[in-house]
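One structure is given below, encoded as structure tokens.
Bear in mind that the values in this text are calculations on the coordinates, not laboratory data. Just so it is clear, the structure is predicted and the values come from calculations on it, not from any experiment. Don't worry about glycine lacking a Cβ; one is built from the backbone with ideal geometry, like all the others, and counts go over all protein chains shown.
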Amino acid sequence: MREQLVQLGYLGAAGLFILSLMWMSRVETARRGVRAAELGMLLAVVGTLIRHEIVNYELIALAFLLGSAIGVPLAYLMPMTAIPQRTAVSHAFGALATGLIGTAEYYRLTSQGASSGSLILVALMFEMALGFLTFTASLMAFGKLQEILPTRPITFSGQRIVNLGVFLATVAMGAVLVLAPGGVFLFPVFVALALAFGLLLIIPIGGADMPTVIALLNAYAGLAASAMGFALNNKLLVITGALDGSSGFILAVIMCRAMNRSFANVLFGGFGKVQQSDSSKEKRSVRSSAPDEAALTLDGVQSLVVVPGYGMAVAQAQHKIHDLFQQLTGRGIQVRFAIHPVAGRMPGHMNVLLAEANIPYDNLVEMEDINPDMPTVDVALVVGANDVVNPAARDDPSSVIAGMPIIEADRARSVMVVKRGMSPGFAGIDNELYYLDKTQMLFGDAKEFVGQMVKELNAD
Ligand code: NAP
């Protein structure tokens, strides 16, 4: 009876996870999606806890308290802009847990005399290889994103051969352990090879492409969990692992497309090299304006498109932008927000921030829908965006961002750019947009500058 209840709970949890993914793909239903996932996870945890094979509830309670003591402050202290790093750390520990559970199961099975070539051993080896390699790969990704490690790709001659060699050695060692379960002494070599492969996989990838790698590691961790579900005969793990794995792959493919990268490059590394800015270049002048002048200009326009980027997230300027939106729409000005798929540092970054500031969802327009309108727009107000409005992506085939689709702010009748100085964006390259005759640079922190513009408009 208890087992039936547990299985029913697992079924409910799996259904909630599927609904959650569906709901989370739309801004209007995203919150409901998060709640559904939380409820699903609660059902899964309770179901697992009331199953017979739990050995020690005290240790679980202790682990729960320790984990919460680390996790809760982490959730509150990490800023939104550090979400990719935080996700990398979560993957690292999730993958380590998967690897360790696999290890415990492996020793349990072999001590009971597991049969050679058993399917459970195959699933365990697959799960542990993915778990351990995802652990070190995610730690490396965290180090690069947090800039504790060099963000540039680290390459050496014969790297692909070495990578392939370590990969094949891991597979071979796994096969030996499956076919000869008595060779337990070889198990640490298998683990060391998987850990080393995770390191080698990430070092040739530049920091710029790390968020895409994170999506891929998410997929690996999901596949590992799914394999563990087979090994432990836990259907819920099979389902959730498969959901996690496939959604991670889909996200990685979407991000590759948005950034015009080939998926093979992400898989095999050696891409994302940061182009050095040419310091010998002559200094060119730009036109800059103060908040009062900028506010005066905005007051006289009919249509405005705000292009938010990473700088808006850093400055947390979304609430001031909401105030500006209200001021301008109150004056009958059409205000829309152009959303680039990779603006900021994670998919949907701008949508989340603008929704948090209560900007109506209908005023958010996707890149491909806003671009045809840009030539008729009076002002494109770029707030802390750089690469996603860099015309070099469209016009310069030799640029590191060549081919990346952009929001064509340069085609608006006039352009205003809020940023603190002339620093490049994520790709590390100069932006011609700033030097156009129709561009006004609004130098300052986005929150402060936009706040001052709002004050000027209020004072009118
Ligand atoms: P960006 O190219 O990184 O540029 C951000 C700009 O914001 C900088 O030039 C910076 O200039 C400015 N800034 C920083 N702090 C500011 C502040 N407090 N106030 C005002 N401005 C500030 O950003 P983006 O245009 O959003 O492009 C995103 C980049 O990240 C793309 O290259 C994309 O490929 C990459 N990426 C995104 C994702 C994703 O999922 N979204 C994933 C992987 C990679 P100053 O220092 O001069 O102020």
In whole Hz, the Karplus estimates of ³J(HN,Hα) for region 152-167 (6.51, -1.76, 1.60; θ = phi - 60°; x where Gly or Pro) are 6, x, 9, 10, 8, 5, x, 4, 5, 5, 4, 4, 4, x, 5, 4
Rounded to whole Å and ordered largest first, report the semi-axes of the equivalent ellipsoid of the chain derived from its Cα gyration tensor (root of 5λ).
-> 48, 27, 17
What are the ³J(HN,Hα) values, in whole Hz, obtained from phi via the Karplus relation 6.51 cos²θ - 1.76 cosθ + 1.60 with θ = phi - 60°, for each residue of region 326-337 in sequence order, with x given for Gly and Pro?
-> 5, 4, 6, 5, x, 9, x, 8, 7, 10, 10, 10
Applied in sequence order to region 435-447, the curve 6.51 cos²θ - 1.76 cosθ + 1.60 (Karplus, θ = phi - 60°) yields integer Hz couplings, x standing for Gly and Pro, of 9, 5, 4, 8, 9, 10, 8, 10, 7, x, 5, 4, 5
Take every Cα pair under 8 Å in region 369-443 that's 6+ residues apart, average their separations, divide by the length, and report that relative contact order as a whole percent.
-> 35
Sort the following peptides by mean Cβ neighbour count (other Cβ atoms within 10 Å, averaged over residues), highest first: 4-10, 82-88.
-> 82-88, 4-10
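Relative contact order (percent) for the chain, with alpha-carbon contacts under 8 angstrom and 6 or more residues of separation?
Values: 745 pairs, mean separation 61.1, N = 460.
Here the relative contact order equals 13 percent.
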Proxy reagent accessibility, fewest Cβ within 10 Å first, across Lys283, Lys235 = Lys283, Lys235
In degrees, nearest 10, range 0 to 90: what is the angle between the Cα axis of helix 235-258 and the longest Cα principal axis of the chain?
-> 30
Taking the simple approach of a point 7 Å from Cα along Cα-to-Cβ for both Phe93 and Thr110, what is their distance in nm?
-> 2.9
If we restrict to alpha carbons, what Rg and Dmax does region 299-354 come to, in Å?
-> 11.8, 35
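Pairs of Cα atoms under 8 Å, at least six residues apart: use those to get the relative contact order of region 1-90, whole percent.
Numbers: 49 pairs, mean separation 23.3, N = 90.
26 percent.
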What residues have an amide H closer than 5 Å to that of Gln440, excluding those fewer than 5 places away on the same chain, when H is modeled at 1.01 Å from N in the peptide plane?
-> Val415, Met416, Val417
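A 18 angstrom limit on the alpha carbon distance is what I want to check against. Which of Lys320/Lys419; Lys419/Lys447; Lys283/Lys447 exceed it? Don't skip to the answer; put the middle values down first.
Numbers: Lys320/Lys419 15 Å; Lys419/Lys447 10 Å; Lys283/Lys447 28 Å.
Over 18 Å apart, Cα to Cα: Lys283/Lys447.
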Can you sort Thr170, Thr98, Thr376, Thr297 by how many other beta carbons sit within 10 Å, fewest first?
-> Thr376, Thr297, Thr170, Thr98
For the residues Met228, Met346, what sequence is obtained by ranking on other C-beta atoms within 10 Å, fewest first?
-> Met346, Met228
Return the calculated 222 nm mean residue ellipticity for the chain, to the nearest 500 deg cm²/dmol, obtained by summing -39500 (n - 2.57) across DSSP H runs with n ≥ 4 and dividing by the residue count.
-> -19500 deg cm²/dmol
Label model pair Met422, Asn358: point-to-point distance (7 angstrom along the Cα→beta-carbon line) in nm is 4.1
Could you name the aspartates and glutamates whose alpha carbon sits less than 16 Å from that of Lys144, not counting residues in the same chain fewer than 8 places away?
-> Asp209
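Could you work out how much longer the chain between Ser414 and Val176 gets when fully extended? Use 0.36 nm per residue separation minus the Cα distance between them, nm to one decimal.
Working: separation 238, 0.36 × 238 = 85.68 nm, distance 6.66 nm.
Extending this stretch completely gives an extra 79.0 nm.
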Please give the helix 187-202 orientation as an angle from the longest Cα principal axis of the chain, in degrees from 0 to 90, rounded to the nearest 10.
-> 10
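How do the peptides 314-321, 42-49 rank, highest first, by the average count of neighbouring beta carbon atoms within 10 Å per residue? Spell out each step's value before the answer.
Details: 314-321: 21.8, 42-49: 16.5.
Peptide ranking by packing, descending: 314-321, 42-49.
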